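Beneath this line is the structure, given in structure tokens, with notes to follow.
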Amino acid sequence: MSENSYAIEIKDLHKSYGDFEAVRGIDLQVEVGEIFALLGPNGAGKTTTIEILEGFLLPDSGTVRVLGFEPSKHERPYKERIGIVLQQTEVEQFLSVEEAVQLMRSYYTNPLPLDDILATAGLTELRKVRPPKLSGGQQRRLDVALGLAGNPDLLFLDEPTTGFDPHARRDAWDMLKNLRNLGKTVLLTSHYMDEVEHVADRAAVMFNGKIVSLGTPKELARESEPTVSFRANLNINLPPELATKVTQLNSRYELESDDLVKTLHVLTSWSIENDIELEDLSITRRSLDEAFVQMTQDMGKGLED
Amino acid sequence: MKPVRLLFTQLAYENLVFWRNSIAAFFTVALPLVMMVILCLVFGNQHTGDSSNPIYLSTFYVPSMCALAVIGACFTNIAMEVSISRDRGRLKRYRGTPLPTSILVSAKIVHAVMLGFFLVICLVSVGVWLFDAAIDGMRIGMFAVVLVLGSATFCALGLAIAALIPNAEASPAIVQAIALPLLFISDVFLPMNNAPAWLQWIASVFPVRHFALGLQSSFHPILSGSIEAWVNLGVLALWFVVGLLVAIRFFRWEPKR
């Protein structure tokens, strides 16, 4: 591997199932040591993309390089360096947490120490327990423990927290932050925006088999315009350059702004000139969550048109 | 040395999981023993041959139940285990690790064969001590050859059926629907001498009858001659090849979507 190479490099990736185009031309680079999220609704092509990177699916066209390997060749040196947490897998019901992790460790040349794995996954107390007695969140953490067993440079996590209650998700996020401390590259898929805001360095928003937006969680959230809101009892009209962007609910006004400084300038000078009090004046940015919902809704409308 | 260590680790794991899965262990291990005890208690004292040199039916039932045990350990056990593991996503998880496919499959096969041999030893011991099954005329060499070839054949067929089974829910029904009727028409539970010719002909196409007769005839040579012995081995070998080809051609790591 040359010095400046990426952990994951995808060029013009396409994959169809019959007539359905699941992935329609993806380009993506993930840096070594990065926690990168593929974000999108169901059917966006996230799992197809990650399963191509894992070697389970063959691309129709385009090239994929992971840690310098071609995943579809199923080379053992490649498997030694990756850990895979699939979306739907059951662990062996008749092995305890500890036994399952030990078996997994035996497959690798340089596995992580057992206690480190259990501690990272938060399973130390549950080491003697068999899966039927674990909660859904605990079973998922066991999946992650098994993915970590071989001390991989790169960990794939396909929807690590789907179906979790809020508490279990907080625990899982703490665990993902532990992975960052271990210096792992992580590629995860998620349809929870708050998850990406909490754990990812960068994210790509996928929709209909394409990447529609790429950046840090903050950058993605910024793509939505900030909103200026205040309460007032107005007996005169707003300045004309603001009036077009305003939404009103009783005495509460919200202004969408693509130029915040200018909007605030116009609004505040107007209020001083006319001696109008602006109660609870505030600027809010929508969370990534709302930005994402809007982005995918816009995309959906675009398709229907 | 690494592949050897991997194989032993995987083998130990297969064994541990098998015995902890009490339902599977019961059907595979206890069923042939219980069946043999019942059949020997009911029919064991009946005999063929002249009264000065009788062949008790226990001498027939011990090798028959050996056949049942090997088919259970190799065919039924592997077919169910592989198809269920595949549906639960466990095979796919293996696929993502450096564990070689050859080790994964060999461990399953070696475990099934060893389990079969262990059951054969148990059955023969119990049969000889409790039910006076005669082993003085036993051709041990021939018995071993039939046992090894039969185990290999039913492992291959177990993997082949697993590859053809659509999903885990259908697995027990399909496996039993294939195994049970064949066991009944193949001289395992009762001699088929008086059955209609067409039924005997159907039975003789499939490997179960040849496996059972092969074990019976090497257990007590009077039961059949050497030409039949070669036919039994030949048919078993043919099914071994068929099973192997189907298993390799149709093997899947993941459930059908």
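Only one of these conditions is not met by A:S229: (1) under 30 Å from A:G25 (Cα atoms); (2) modelled with pLDDT of 80 or more; (3) hydroxyl-bearing (S, T, Y). Which number is it?
(1)
Select from the range B:101-112 the residues that are surrounded by 18 or more Cβ atoms within 10 Å (Cβ to Cβ) and of a type outside the set (A, V, I, L, M, F, W, C) and list them in ascending order.
B:K108, B:H111
Is there any pair linking a residue in the range A:195-213 that is closer than 17 Å to A:E34 by Cβ to one that is surrounded by fewer than 24 Cβ atoms within 10 Å (Cβ to Cβ) and among the hydroxyl-bearing types (S, T, Y), with Cβ under 6 Å and at least six apart or on different chains, and which?
Once the first residue is closer than 17 Å to A:E34 by Cβ and sits in the range A:195-213, its partners that are surrounded by fewer than 24 Cβ atoms within 10 Å (Cβ to Cβ) and among the hydroxyl-bearing types (S, T, Y) give A:V196/A:S190; A:R202/A:T216; A:V205/A:S213.
Only one of B:L115, B:L123, B:L68, B:L130 is more than 14 Å from every other protein chain (Cβ to nearest Cβ), surrounded by fewer than 16 Cβ atoms within 10 Å (Cβ to Cβ), part of a helix (DSSP H, G or I) and not charged (D, E, K, R); which?
Being more than 14 Å from every other protein chain (Cβ to nearest Cβ), surrounded by fewer than 16 Cβ atoms within 10 Å (Cβ to Cβ), part of a helix (DSSP H, G or I) and not charged (D, E, K, R) holds for just one of B:L115, B:L123, B:L68, B:L130, which is B:L130.
Do we have A:L39 as more than 13 Å from chain B (Cβ to nearest Cβ), touching a residue at least 60 places away in the same chain (Cβ under 8 Å) and on the phi < 0 side of the Ramachandran plot here? Talk me through it step by step, then tell me what you get.
Details: more than 13 Å from chain B (Cβ to nearest Cβ): yes; touching a residue at least 60 places away in the same chain (Cβ under 8 Å): yes; on the phi < 0 side of the Ramachandran plot: yes.
So A:L39 fits the description; yes.
Assess whether A:M193 counts as being surrounded by 22 or more Cβ atoms within 10 Å (Cβ to Cβ) and out of contact with any Lys or Arg (no Cβ under 8 Å at 6 or more places or on another chain).
Working: surrounded by 22 or more Cβ atoms within 10 Å (Cβ to Cβ): yes; out of contact with any Lys or Arg (no Cβ under 8 Å at 6 or more places or on another chain): yes.
Criteria met by A:M193.
Scan the range A:217-235 and give yes if some residue there is under 30 Å from A:L114 (Cβ atoms), assigned to a helix (DSSP H, G or I) and charged (D, E, K, R), otherwise no. Walk me through it before giving the result.
Going through the range A:217-235, the residues under 30 Å from A:L114 (Cβ atoms) turn out to be none.
For the range A:217-235, residues under 30 Å from A:L114 (Cβ atoms), assigned to a helix (DSSP H, G or I) and charged (D, E, K, R): absent.
What's the total number of residues in the range A:236-247 that are outside any helix (DSSP H, G or I) and surrounded by fewer than 11 Cβ atoms within 10 Å (Cβ to Cβ)?
Taking the range A:236-247 and keeping what is outside any helix (DSSP H, G or I), we get A:236-239, A:244-247.
Now restrict to residues that are surrounded by fewer than 11 Cβ atoms within 10 Å (Cβ to Cβ): A:236-237, A:244.
Summing the residues that are outside any helix (DSSP H, G or I) and surrounded by fewer than 11 Cβ atoms within 10 Å (Cβ to Cβ) in the range A:236-247 gives 3.
Got at least one residue in the range B:159-180 being surrounded by 14 or more Cβ atoms within 10 Å (Cβ to Cβ), in contact (Cβ under 8 Å) with a residue 60 or more places away in the chain, assigned to a loop (DSSP other than H, G, I, E, B) and under 13 Å from the mean Cα position of the chain (by Cα)?
No - not one qualifying residue is present in the range B:159-180.
Check off (1) over 30 Å from B:K2 (Cβ atoms); (2) surrounded by fewer than 24 Cβ atoms within 10 Å (Cβ to Cβ) for B:S85 and give me the number that stays unchecked.
B:S85 satisfies all of (1) over 30 Å from B:K2 (Cβ atoms); (2) surrounded by fewer than 24 Cβ atoms within 10 Å (Cβ to Cβ) except (1).
Contact list please: Cβ distance under 8 Å, first residue in the range B:23-37 and part of a helix (DSSP H, G or I), second residue of a type in the set (V, I, T), pairs at least six apart or on different chains.
Cβ pairs passing all conditions: B:F27/B:T76; B:T28/B:T76; B:L33/B:V126; B:M36/B:V62; B:M36/B:V126; B:V37/B:V126.
One residue is enough: does the range B:81-96 have a residue meeting the conditions in a helix (DSSP H, G or I), of a type outside the set (K, R), away from chain A (no Cβ under 14 Å) and touching a Ser or Thr at 6+ places or on another chain (Cβ under 7 Å)?
No, every residue in the range B:81-96 fails to be in a helix (DSSP H, G or I), of a type outside the set (K, R), away from chain A (no Cβ under 14 Å) and touching a Ser or Thr at 6+ places or on another chain (Cβ under 7 Å).
Collect the residues in the range A:125-136 that are in a helix (DSSP H, G or I) and either over 26 Å from the mean Cα position of the chain (by Cα) or surrounded by 14 or more Cβ atoms within 10 Å (Cβ to Cβ) (or both), keeping them in residue-number order. I'd like the intermediate steps shown before the answer.
Kept after step one, since they are in a helix (DSSP H, G or I), are these residues of the range A:125-136: A:125-126, A:131-133, A:136.
A:E125, A:L126, A:P131, A:P132, A:K133, listed by residue number.
Is there a residue being modelled with pLDDT under 95, surrounded by fewer than 18 Cβ atoms within 10 Å (Cβ to Cβ) and of a type in the set (S, T, N, Q) anywhere in the range A:35-47?
Yes, the range A:35-47 contains at least one residue that is modelled with pLDDT under 95, surrounded by fewer than 18 Cβ atoms within 10 Å (Cβ to Cβ) and of a type in the set (S, T, N, Q).
Which of the residues spanning the range A:88-124 are more than 9 Å from chain B (Cβ to nearest Cβ) and not in a helix (DSSP H, G or I)?
A:S96, A:N110, A:P111, A:L112, A:P113, A:A121, A:G122, A:L123
Within the range A:67-75, is even one residue among the small types (G, A, S) and assigned to a loop (DSSP other than H, G, I, E, B)? Explain how you work it out, then say what you get.
Taking the range A:67-75 as the starting set, the residues that turn out to be among the small types (G, A, S) are A:68, A:72.
Subset that is assigned to a loop (DSSP other than H, G, I, E, B): A:68.
Yes - at least one qualifying residue is present in the range A:67-75.
Hey, can you tell me all the residues within the range A:42-73 that are within 14 Å of another protein chain (Cβ to nearest Cβ), among the polar types (S, T, N, Q) and under 18 Å from A:A204 (Cα atoms)?
A:T47, A:T48
Could you check A:K79 against (1) in a helix (DSSP H, G or I); (2) more than 8 Å from every other protein chain (Cβ to nearest Cβ) and say which number it fails?
So A:K79 meets the others, but not (2).
For the range A:156-178, indicate whether the set of residues that are on the phi < 0 side of the Ramachandran plot, in a loop (DSSP other than H, G, I, E, B), touching a strand residue (DSSP E or B) at 6+ places or on another chain (Cβ under 7 Å) and modelled with pLDDT under 85 is non-empty. Break it down into steps so the answer makes sense when it comes.
Taking the range A:156-178 first, the residues on the phi < 0 side of the Ramachandran plot are A:156-158, A:160-162, A:164-178.
Still in the running and in a loop (DSSP other than H, G, I, E, B): A:160-162, A:164-165.
Now drop any that are not touching a strand residue (DSSP E or B) at 6+ places or on another chain (Cβ under 7 Å), which leaves A:160.
This time we only want the ones that are modelled with pLDDT under 85, so: none.
Scanning the range A:156-178, I find no residue that is on the phi < 0 side of the Ramachandran plot, in a loop (DSSP other than H, G, I, E, B), touching a strand residue (DSSP E or B) at 6+ places or on another chain (Cβ under 7 Å) and modelled with pLDDT under 85, so the answer is no.
What are the residues in the range B:56-65 that are touching a helix residue (DSSP H, G or I) at 6+ places or on another chain (Cβ under 7 Å) and surrounded by fewer than 23 Cβ atoms within 10 Å (Cβ to Cβ), if any? Before the answer, list the steps.
Of the range B:56-65, the ones touching a helix residue (DSSP H, G or I) at 6+ places or on another chain (Cβ under 7 Å) are B:57-65.
Scanning the range B:56-65 gives a single hit, B:L57.
The values are calculated or read from the model by the stated rules, or taken from the named source; none is laboratory data. Since this is a predicted model, take the numbers as computed values, not measurements. Note that each Cβ is placed from the backbone with ideal geometry, even for glycine, and that neighbours are counted across all protein chains shown.
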